[in-house]
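Okay, so here's the structure we're looking at.
The values are calculated or read from the model by the stated rules, or taken from the named source; none is laboratory data. What you are looking at is a predicted structure, and each value in this text was computed from that prediction instead of being measured. Here the Cβ positions follow ideal geometry from the backbone for every residue, glycine too, while neighbour counts run over all protein chains shown.
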Protein chains: 2
Amino acid sequence: MSEASCPARLLSPIFKVLAEPNRLAILCALGTECRPVTDIIHATKLPQTNVSFHLRILREAGLVRAERRGSFVYYCLPDPELLAILQSFQAWARAHTPMLTLVEGDGNDNISPTKRRTRSCG
Amino acid sequence: MSEASCPARLLSPIFKVLAEPNRLAILCALGTECRPVTDIIHATKLPQTNVSFHLRILREAGLVRAERRGSFVYYCLPDPELLAILQSFQAWARAHTPMLTLVEGDGNDNISPTKRRTRSCG
DNA sequence: CGTCAATATGCGCAAAAATACATGTGTAAA
DNA sequence: TTTACACATGTATTTTTGCGCATATTGACG
């Protein structure tokens, strides 16, 4: 059980691509359809060069696919299941991380582990 | 469909935490059990300060929980479902990204979209 | 109380990554 | 072929982030 069954090296580059808010916004803007870059620019309100920059990273990671149609380049997800996975992940996040835009938490997320002795996990 | 249903702002910080290979390795080293930091250090072969550094980030993200037992601090996942989600993600990655440690791909992952006219998505 | 082991933190640095700006490329139409 | 539009790329700059080192804190023990 050294690292063969550990998804670290496999998932890390994908998570690194998905960690960028603008890239996630681009994926969401795409949804399940193919859309030209101009649409993405309008949907995300990002400058064109920035959108192209992120699209390249998404493309090289295999998270989007590009096809030219005339003078437009359409981008789409290679698999709609990716959106489903993202949403299930989102559901988990909603349930387990109170560190959102919520005004305040119970203060349990920023304690120093040196301070507690709860002992409920063992 | 502006950004309320878009998981960008919600998932981005979590992905950012998960994007670090050593942090994923720590999560994998934890598995479903609670283990003291020393165990994690041995399992990951990382220097102690580095492990503590990453553990803090994981803790503040709500991805691990810390409990002191005597002079040891045990870390564990707040929810075993996280591992399941990671594995489903891994399954998806295996199927959709040939950009792994594979010696070579079909060359379809680094093409410039300016070069192609496949037209199979419309 | 002094010491040791376990763990956390502050700081400086180096590497990486994101953004903006300028520019290049390709395609369609005049 | 010239112009205009859609998109990509290269470069410089700034910000972020991971790491190592030294050090501080905490608890067990004598």
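Structure notes:
- Every condition in (1) within 9 Å of another protein chain (Cβ to nearest Cβ); (2) more than 10 Å from DNA strand D (Cβ to nearest atom); (3) more than 30 Å from A:Cys28 (Cα to Cα) is met by B:Val73 except one, and the failing one is (2).
- The one condition from (1) closer than 22 Å to B:Leu83 by Cα; (2) surrounded by 18 or more Cβ atoms within 10 Å (Cβ to Cβ) that A:Ala43 does not meet is (1).
- Among the candidates B:Leu55, B:Leu27, residue that is away from DNA strand D (no atom under 12 Å from the Cβ) and not acidic (Asp, Glu): B:Leu27
- Among (1) of a type outside the set (D, E, K, R); (2) farther than 26 Å from A:Glu20 by Cα; (3) crowded, with 21+ Cβ neighbours inside 10 Å, the one test that B:Val37 misses: (3)
- Within segment B:30-52, the residues that satisfy the criterion of being more than 11 Å from chain A (Cβ to nearest Cβ) and either among the charged types (D, E, K, R) or within 12 Å of DNA strand D (Cβ to nearest atom) (or both) are B:Asp39, B:Ile41, B:Leu46, B:Pro47, B:Gln48, B:Thr49, B:Asn50, B:Val51.
- The single condition among (1) at pLDDT 90 or above; (2) over 21 Å from B:Leu11 (Cα atoms) that A:Ser120 does not satisfy is (1).
- Residue within segment A:11-20 that is near DNA strand D (Cβ under 9 Å from one of its atoms), within 30 Å of B:Lys45 (Cα to Cα) and within 8 Å of chain B (Cβ to nearest Cβ) present: yes
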